[in-house]
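Visitor: This is the structure I have questions about; it appears just below.
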Amino acid sequence: MERAVTVVILSLVFLASQISCQEAILHVSNGNTEREYCIVHNHSWTPLSQSLEAAVQYPLVNMTSTMLCNNATVFPDVKGKALVVMRGGCDFSQKALLAQSLGATALLLASNKTLITPSANDSEYAKVHIPLALMRYRDFLEAQKVFGENMEVKLYAPPQSKLDPSIAVMLLIAIVTVALGGFWSGACERDRLNGGADGGEGGGNKADSGELFLYSPLKVVIFVAMMCGMLVLMYFFYNVLVYVIIAIFCLASASALFSCLDAVMEKIGCGTLSFSVRNWNLSVRSIILASVCITIAVIWGVYRNEDRWIWILQDLLGIAFCLNFMKTISLSNFKICVILLTLLLVYDVFFVFITPFFTKNGVSIMVQVALGPDASGEKTQGNMVEVPAEPQIPSEKLPVVMRVPRFSAWAQNLCGMQFSILGYGDIIVPGLLVAYCSRFDVWINSRKKIYFVSCCIAYLLGMIMTFAVMLLSGMGQPALLYLVPFTLITSAVVAGCRGEMRQFWAGTTYEVLDSSREPLLPEGRTDRSIDGEKC
């Protein structure tokens, strides 16, 4: 059962994309009152001013009774004015060219549907010389109530720096989680070794610690195949299985948070007051921690679709989940690490880049599962954005990402909050290798933790590379494409330079070691000789 739950969760914690937004602001005034509304535009049409002061003000003419698709209708004088018409009936470029021929200086399309970045054939962009943007029809009706028919409008697009502070926060969350998870795994291994040397039960078998071990290449292949199957099932039965995954996440994250907090309490020496109830041994500390963790998970479950603040709880539960996962799942040797990480890299690339050729809507299976059914509404590339036109019941999304609001856009949330996101899989998968390196440092009695430290540095460099490519390309990146090579190659180079590749490759399994669990050192070799070797 435990292994089945692990497969279900791990199969859902991969790609998360970040899109480059094209939101802008419509400033409406009548001399006394001012309001601002969300609009969506496309830089390929006439660019908008970057500030309110630099924007040109136009009188707004209400023509929402027409879709502006032909010139058979008699139109009022609109020269030097901005038009607002209804969306639909014909292409964006056809509307823009007709408005331009009438002498209009800007065109707004009122929409009852999702606002998408207006696009056209490349040849059409050069023909249009006026700004074009979409706005919510309900926003226009609200403006009419406030201002009547005497509206003056300005269109402007405040610049949003690609290098948002949220990226630094996300990077910090990722590297701290991976480092703590690896350190925790190594500490648990050291405790088992010490317990075994002392003749206690700590150095016993895997059942004692509640950990799961992957030590067979065949089991790894079966494990990844099950993940592929689970992802495909999620693609076809998303609306049902999403609630199952949410329930599993609540239980798993609450348990993980309890495990993390209990370990912290144990480390700082917080005592426990125990008592018995009908032969059940209970402690006050465990009851309090369990109550807190369950409460946090329940609050997240109830308010999971609230954007303003629930991301804090989701990140907290996600960090605890990743930490506990790295501590619980153990890879027995570097060979298993190479097989697992390579297969997951292929899995990630296939379901992101190859499956769009087979799906009806051209959206990859990975993206649609990670972002929910809404991802199939439009084929959104790196320069596209979608904004709901009407208040909607939030669609359920899988809790498989870290989310941090974009701080540069915090004050410009007319179109909705914008987030930088990172999939749990981009933390867990390399984190399993970091955890193995940490345990190997324990096995060879390395005081400097050379494998653990070097693998953490490689992970950090891989994350920096991921964000750099994302910022330069303007599109979300599958982080495993960079993290897996960085961490695997670095670990192999360190082992090769230190002359320990044979031990590092073979590692250890809990089936073949005796109860003493002696470190994997050549006879007579000491810790001093290890620290003395330089790569």
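The values are calculated or read from the model by the stated rules, or taken from the named source; none is laboratory data. Computed from a predicted model, the values in this text were never measured in an experiment. FYI the Cβ positions are ideal-geometry reconstructions off the backbone, even for glycines, and counts take in every protein chain you see.
Visitor: Being closer than 20 Å to residue 142 by Cβ and without any contact (Cβ under 8 Å) to a residue 40 or more places away in the chain is the filter here; which residues of segment 30-60 pass it?
Guide: Passing the criteria: 32, 34.
Visitor: Working only within segment 7-36, note down all residues that are modelled with pLDDT of 75 or more and surrounded by 19 or more Cβ atoms within 10 Å (Cβ to Cβ).
Guide: Within segment 7-36, 23, 24, 25, 26, 28 meet the criteria.
Visitor: Quickly run through segment 84-122 and pick out the residues that are out of contact with any strand residue (DSSP E or B) (no Cβ under 7 Å at 6 or more places or on another chain), in a loop (DSSP other than H, G, I, E, B), buried (at least 16 other Cβ atoms within 10 Å of the Cβ) and of a type outside the set (A, V, I, L, M, F, W, C).
Guide: 119, the sole residue that qualifies.
Visitor: Go through the residues of segment 455-469 one by one and say whether even a single one is more than 24 Å from the chain's Cα centre (by Cα), in the same structural domain as residue 180 (by TED's automatic domain parsing) and at pLDDT 90 or above.
Guide: The answer is no; no qualifying residue exists.
Visitor: While we're here: Mind counting the residues in segment 69-83 that are assigned to a strand (DSSP E or B) and touching a Pro at 6+ places or on another chain (Cβ under 9 Å)?
Guide: So the answer is 1.
Visitor: A follow-up question, please. Could you tell me how many of the residues in segment 123-171 are under 30 Å from residue 422 (Cβ atoms), touching a helix residue (DSSP H, G or I) at 6+ places or on another chain (Cβ under 8 Å), of a type in the set (A, V, I, L, M, F, W, C) and not in a helix (DSSP H, G or I)?
Guide: Count: 1.
Visitor: Let me confirm something: among 264, 292, which residue is of a type in the set (A, V, I, L, M), under 26 Å from residue 397 (Cα atoms) and out of contact with any Leu (no Cβ under 6 Å at 6 or more places or on another chain)?
Guide: Step by step, each of 264, 292 is checked, and only 292 is of a type in the set (A, V, I, L, M), under 26 Å from residue 397 (Cα atoms) and out of contact with any Leu (no Cβ under 6 Å at 6 or more places or on another chain).
Visitor: Moving to a separate point now. Checking residue 346 against (1) closer than 30 Å to residue 366 by Cα; (2) over 24 Å from the mean Cα position of the chain (by Cα), only one condition comes out false. Which one?
Guide: (2)
Visitor: When you go through 528, 502 one by one, which is the residue that is part of a helix (DSSP H, G or I), of a type in the set (Lys, Arg) and at pLDDT below 90?
Guide: 528
Visitor: Could I ask something else about it? Residues to consider are 126, 174, 133; find the one that is in contact with a strand residue (DSSP E or B) (Cβ under 9 Å, 6 or more places away or on another chain) and not assigned by TED's automatic domain parsing to the domain that holds residue 264.
Guide: Selected residue: 133, the only one of 126, 174, 133 that is in contact with a strand residue (DSSP E or B) (Cβ under 9 Å, 6 or more places away or on another chain) and not assigned by TED's automatic domain parsing to the domain that holds residue 264.
Visitor: Output the number of the condition that residue 198 fails; it satisfies all remaining conditions of (1) among the acidic types (Asp, Glu); (2) crowded, with 17+ Cβ neighbours inside 10 Å; (3) at pLDDT below 75.
Guide: Here residue 198 clears every test but (2).
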